[in-house]
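Reviewing the structure listed below.
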Amino acid sequence: MMEEQNTEAKLKNQLKQEKIQLWNPPYTDDDNQPGQQHMQELAERYAPLLCLPSEEVGAALESIRVQAVKRGKGNKTFRETNVASLELLLPRDSKKDPKTKNHLETRLDVLVQEVVDRIAEDYGLKHIKLILNGKTLCVDRRLDEQGVKNHSKMMVLKVSDAELKQQLSEEEEKKKNQNESVQRTQKGFQILSERDGSEDPDTTPFLEIADQRGNPLTIPHKEKKALILAMGFHEKGRSLMKKKQFDNALCHLLQADQQFNKCGSALLGSVDNYAVLQLDIVWCYRALEALSCLDDGKNRLQRAEDCFLKCYGEQQERLRMIKGNTGREEVLFLRLYLLQSLLSYLEGNDAQARHQLSKVESLYSRLSPDSEKMTQLMSLGFTEREARLGLRACQGDVQEAAIHISNQRQEREELKQRERRKRSRRMEVISTLTELGYSRRDAARALHLADGDVDRACAILLDSSQAALLTNNNTEGVGPEKVEQLLYLGFEREVSEAALRLTGGDVQSATQLLLDNQGVLSPELLSVSPPSTSSSTTPSPSSEEPSTSSNSTEDNELVNEVLEDISRHEEDYLDLTLEEESQLITAMKTYLNRGPTHTV
């Protein structure tokens, strides 16, 4: 398939240069049949240029001619009837003939669900979703509203694993399908994104976004939530990629992409996660043999390269400054150049494909793990991952790698202890606030709102309790006229109502609370009830403690489930064994060795 795509791409470039239109005479007659003599002459003329037999070139030219005639017919049909022709990129095991393209005729003003149902029926598929340019189409919206045009290419992805489907009962299958997996992943990471690190570290999982040295980053709440969701979906996708479940992985990776796009460009430029995600998405395209999504793949690789340059520096100087070396990150460039080489080949640009592949081979010779050195390090008690990353960081020097790994272990332990001390201090402050008579829940929320500042937390709690006493705990204090006053000041309705509830309906306190927090309140505050009148004198009953509520137990179960997909090692994404890359390098060399040393 890849050789045919490469040959056709070269021929299309040549035909374009010579302004030859195969769909017109003398190459196509009035009955849309090939003009044999002229097609034969063209094949014989182009064969030496491509260093291929004229029969093979002739077959490729005929394939291009048939596609062009079909496209012309499709354009005429679309103009006359508004019925579009869409190309479907089906899952591999659903294709009857890998070389035949599958098309679907449909109007574009219909709901996606209608098209999904037709495809499911025509190809015997259940639980599918449609992907256009890397974005999942919403089933309850029309095709044309989501950018689908005549001749668009759409990927068809299965929503649950084919092998599991045969073995599982209908009920179990529902639990296992991708939709539920995506929903559970989203819910689990939403819970984590709303925790503030004030709970017991031994019993309550908590996520913190850190820089490349592991130090926590201060990020606006809205962006932090989106970033945690993005990273969560990405980790789940990577976990599925390791299991070779590329359909399912791609669904999660595209969800991660949507969440990353909610983050500010400044944030995306400071972390390499976004670039790695783009690589992973194109790697899935490759594994699913969906590289006819050329434009989307090219755009994603370009975004990845731009992001690496911003994040690491033009000559990786920023990376060297932060981490002391660049060896471990070079595997990402190896994969980037390899995918760029593959896409160049599929576009018929063999010279560019060779250029990129030479960079890949140079990196591969440096980064491929030496089994003897690996054994030496592992005999010292280091893990396989530590040995591999250590050797890459130290250009293969075993002694330096051993020192490097030991230093990293010590740094990680110190960071862990520092974080534990920080969370313990927060718990002590919360305990102090509860001794003053506030509920533990309110104390934790106030401290979260005050960014850890005890005095500000006290002020928030005092304002809340005083307002509650003044209004005699009257929930009707959150009246529409008070909300309107806050809306007039420019705050959003949802946070205005939450601030009024939290402050017992006192407009002045609610305004101050919103100003202190730049108009953004923690999601858990958006549903908070008014403070109790007794909160200033007696601690809340134990039933209000989050750790004892049934919801908290369910939440923690869900959180623990999604955390299973997060690697315990922060550099897991750099720990590529290069086995898959090695296979693709070999395949690329085979493809390129069959063609000429120049492009058409």
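The values are calculated or read from the model by the stated rules, or taken from the named source; none is laboratory data. All values derive from a computational prediction rather than experimental measurement. FYI the Cβ positions are ideal-geometry reconstructions off the backbone, even for glycines, and counts take in every protein chain you see.
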Quiz item: Is there a residue being in contact with a strand residue (DSSP E or B) (Cβ under 9 Å, 6 or more places away or on another chain) and in a strand (DSSP E or B) anywhere in segment 34-57?
Solution: yes
Self-check item: Members of segment 483-509 that are under 39 Å from the mean Cα position of the chain (by Cα), assigned to a helix (DSSP H, G or I) and not acidic (D, E)
Solution: V483, L486, L487, Y488, R493, V495, S496, A498, A499, L500, R501, L502
Self-check item: Residues located in segment 73-85, provided they are surrounded by fewer than 18 Cβ atoms within 10 Å (Cβ to Cβ), touching a Lys or Arg at 6+ places or on another chain (Cβ under 8 Å) and of a type outside the set (V, I, T)
Solution: N82
Exercise. Output the residues belonging to segment 291-303 that are under 12 Å from L343 (Cβ atoms) and not hydroxyl-bearing (S, T, Y).
Key: L291, C293, L294, D295, D296, G297, K298, N299, R300, L301, Q302
Quiz item: Taking segment 521-531 as the search range and keeping residues that are surrounded by 17 or more Cβ atoms within 10 Å (Cβ to Cβ) and within 31 Å of the chain's Cα centre (by Cα), which one is modelled with the lowest pLDDT?
Solution: E524
Quiz item: Between residues in segment 142-156 that are in contact (Cβ under 8 Å) with a residue 12 or more places away in the chain and residues that are of a type in the set (S, T, N, Q) and in a loop (DSSP other than H, G, I, E, B), which pairs lie under 8 Å by C-beta distance while being six or more apart or on different chains?
Solution: G147/N133; K153/S292
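Conditions tested, residue by residue: (1) surrounded by fewer than 16 Cβ atoms within 10 Å (Cβ to Cβ); (2) not in a helix (DSSP H, G or I); (3) not acidic (D, E); (4) not assigned by TED's automatic domain parsing to the domain that holds D295.
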residue: R354; (1), (2), (3), (4): no, no, yes, yes
residue: G381; (1), (2), (3), (4): yes, yes, yes, yes
residue: A387; (1), (2), (3), (4): no, no, yes, yes
residue: G390; (1), (2), (3), (4): no, no, yes, yes
residue: Q395; (1), (2), (3), (4): yes, yes, yes, yes
residue: S406; (1), (2), (3), (4): yes, no, yes, yes
Practice problem: Output the qualifying pairs, or none if there are none: Cβ atoms under 6 angstrom, residues six or more apart or on different chains, first residue in segment 1-18 and of a type in the set (S, T, N, Q), second residue in a helix (DSSP H, G or I) and surrounded by 15 or more Cβ atoms within 10 Å (Cβ to Cβ). | Solution: Q5/L346; N6/Y345; T7/A60
Practice problem: Identify all residues within segment 50-72 that are buried (at least 19 other Cβ atoms within 10 Å of the Cβ) and in contact with a Pro (Cβ under 8 Å, 6 or more places away or on another chain); write none if there are none. | Solution: L50, R65
